Each structure stands twice: as structure tokens, then as C-alpha cells.
Amino acid sequence: MTGKVPLITGSASGIGRDIAETYAKAGAMVGIADINLEAAQQTVDAIEADSGRALAIAMDVTSEDAVQHMYQDDKGGTVIYMGSVHSHEASLYKATYVTAKHGLLGLCRVLAKEGAEHNVRSHVICPGFVKTPLVEKQIPQQASEKGISEESVVNDIMLVNTVDKEFTTVEDIAQLALFLAAFPSNVFTGQSIVASHGWFMN
């Protein structure tokens, strides 16, 4: 990833942060874009403490003005372009609209087709249940709502269709994101990659 400048939205915490840290360890200069600038800066501080390079960017991807401001505020890097229409005026805001209308995989395929002539690849990573703080919170909530044990929520609901009763980890997703970003050819594009311990086999 040396010489690459990935912009990762929602990367001040959770899966996004782990991807950002993994990219930085692989040599990228990472744009930490998040609605919470203070948390984004904490991610930058952690990356820099590990000899990586990163930049905190305040951005709400649901606000077209915020996204346009980010692109106009040149900080000396080349940011990966994301869009869903033919015009270079496209933004993450418009991409969000297309995602809502056509689904994430539909957006991925549009980006793959339109970006191919510019050597742009598009991927969708579909994680299984990842034990993030949100999922940790859902386990007791579902147990209470359904009148079952937390163990039953994990084994009989969340992991029921996995082949090994294992949660997907944030490290799994970060390593997959790194593999796709660093792959030396454009053979992978316009498709979804499922990382779920075999969930979709059933």
C-alpha cells in the first residue's frame, strides 16, 4: 500500500478503524474520515504512535456539502474517487442515494463498470456477525426480548448457519480489505466477497 492514499469513512472506531490501522501498517497514508473529528484524531494518534501516517477528516457522508468540502480542501494527497454517475461532480452523498435505491451490490457494479477505463476497482465486503460493541450489546437485548439465554442467541441465531460457530473478527475483515486493495491486477471487481464462516452455504 506504499504510495496509496485510501479514504476510509467511519474509521474512528470499529471495523473501519481496524482497516485504517491495517492499511497504515502496510504503508498507506490513510484518510480517517468520520463525523466525530475528535475520535478520528485519536485514531490518527494511534497510527502515528505505531510509525504510520494518517490524517483526520471531519465528514458526514450523508451531507453533500461536507463531502464536497472534503474534496475541495486539498491536503496534498490523491484521494480515491467514489461515485455512481458519469460526471466527476459525483460524491459519496450521491453514492449513498444510489445505494439506498439499488442496493450496495448494485452500486458496486455501477462503479466497477464506470471506473474500469480509469483503472478503478470496486468491491463489497459482506461480513458475517462481527463481535463489535454493537453486537455485544445486541446479545443480552435479544436474550431478554426472546426469553432465551445469551448462549442461545449466539449459537442458535447469530452463528446458526456458520460451519464452525465462530464470529467473524474485525481482523478478518481488515485483512480481506487489505488483500483486495493491494491485489496486483483488476481481476477482482464488481462483486461481493462474503466473509462469514460459511453462513451463505446454507
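The values are calculated or read from the model by the stated rules, or taken from the named source; none is laboratory data. For clarity, every value in this text was computed on a predicted model and none was experimentally measured. Methodologically, a virtual Cβ is constructed for each residue, glycine included, from the backbone with ideal geometry; neighbour enumeration extends over all protein chains shown.
The figures follow:
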read-out: Members of the stretch 167-202 that are part of a helix (DSSP H, G or I), buried (at least 17 other Cβ atoms within 10 Å of the Cβ) and in contact with a strand residue (DSSP E or B) (Cβ under 8 Å, 6 or more places away or on another chain); value: V170, D172, I173, L176, A177
read-out: Pairs with Cβ under 7 Å, 6+ apart, first in the stretch 182-202 and under 22 Å from Y23 (Cα atoms), second of a type in the set (S, T, N, Q) and surrounded by 12 or more Cβ atoms within 10 Å (Cβ to Cβ); value: T189/S122; G190/S122; A195/T168; S196/T162; S196/T168
read-out: Filter pass, G31 being in contact (Cβ under 8 Å) with a residue 40 or more places away in the chain and either surrounded by fewer than 21 Cβ atoms within 10 Å (Cβ to Cβ) or touching an Asp or Glu at 6+ places or on another chain (Cβ under 9 Å) (or both); value: no
read-out: F129 within 22 Å of S11 (Cβ to Cβ), at pLDDT 95 or above and in contact with a Phe, Trp or Tyr (Cβ under 7 Å, 6 or more places away or on another chain); value: no
read-out: Sole exception among (1) under 30 Å from K113 (Cβ atoms); (2) at pLDDT 95 or above for N186, by number; value: (2)
read-out: In the stretch 101-115, the residues that are at pLDDT below 80 and not hydrophobic (A, V, I, L, M, F, W, C); value: K101, H102, G103, G106
read-out: Leading residue by the ranking (farthest from the chain's Cα centre (by Cα)) among those in the stretch 127-166 that are β-branched (V, I, T) and in a helix (DSSP H, G or I); value: V153
